[in-house]
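For reference, the structure is listed below as structure tokens.
Read-outs: derived from the displayed coordinates by stated rules, not from any lab. Computed from a predicted model, the values in this text were never measured in an experiment. Positions of Cβ are generated from backbone atoms using ideal geometry, with glycine treated the same way; all protein chains shown enter the neighbour counts.
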Amino acid sequence: MPLITTARLELWQPRLGDQADLFDLTLAEETRRFLGTFVPTQMDAFARLHRNAGSWALHGYGSFMVRLKAKGRIIGNCGVFRSHRGFGADQGLDDVPEAGWIVHQDHWGQGIAREAMEAALAWFDAEHGQQRIAAMIEEGHAASDALAQRLGFVRYGRHQPDDGAALVLYERLTIPQPPN
């Protein structure tokens, strides 16, 4: 059974059978355009699946596998997971809850990331209480910048890796209140 359901989606904890769909999720070059320099491999999908399952096992939260209701294929990987980016303590992304979202290219522009992240953040807040959640978005990714702000994240910094594009750093310190 899914842990969370929304109007269109089911959000699941990772399962052993999810590796093939996770691999497929990032196969399209356009999907990876703002995900750094990695090239997907089965080994990478295996590592992401197990890293995510480890976040769930050790911290009680992690990214959800997102499916359309009553469909088997994963169309997204969204949620709050435990991360350690190795940027240094002053950058605020070492050993912290981090929000992130990836949606299959076939489902862009349909509000899937927003719907999944609103549900995942509400679940996280209810289960783990209000706390700081960080996020990082590759500079120039306008759709993710807009979504982060809509979800209540604010920019607090920028990180320039030695071998990649600049990252805009975000944080959500309080739970956004619905408009009156």
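For the reader, a short list of remarks on this structure follows.
- Positive minus negative residues near ASP18 (Lys, Arg vs Asp, Glu; Cβ under 11 Å): +2
- When the chain is treated as a Gaussian network with alpha carbon springs shorter than 10 Å, the biggest mean-square fluctuation among LEU121, LEU58, LEU169 belongs to LEU58.
- Magnitude of the charge dipole, segment 82-129, Cβ model with Lys/Arg +1 and Asp/Glu -1, debye to 20: 100 debye
- Helical segments meeting 20 Å axial Cα length and Kyte-Doolittle -0.5 threshold in the chain (DSSP H): 42-59, 112-128
- Pair ALA89, GLU127: separation of 7 Å Cα→Cβ label points (nm): 2.9 nm
- Segment ARG8-ALA166, extension gain: residue separation times 0.36 nm, minus the distance between their alpha carbons: 53.5 nm
- Taking amide H positions as modeled 1.01 Å from N, with prolines and chain starts lacking one, the residues under 5 Å from GLU139 and 5 or more places away or on another chain are ALA166, LEU167, VAL168.
- Net charge of Cβ neighbours under 15 Å - reference ARG132; Lys, Arg +1; Asp, Glu -1: -2
- When Rg and the Kirkwood Rh are both derived from Cα coordinates, the Rg/Rh ratio for segment 4-130 amounts to 0.94.
- Protection proxy ranking of 59-70, 141-152, by the mean of other Cβ atoms within 10 Å over each peptide's residues and highest first, is 59-70, 141-152.
- Each Lys or Arg adds one and each Asp or Glu takes one away; over the other residues whose Cβ falls under 13 Å from the Cβ of MET117, this sums to -1.
- Estimated FRET transfer efficiency (LYS71, PHE46; beta-carbon r; R0 30 Å; 0.05): 0.80
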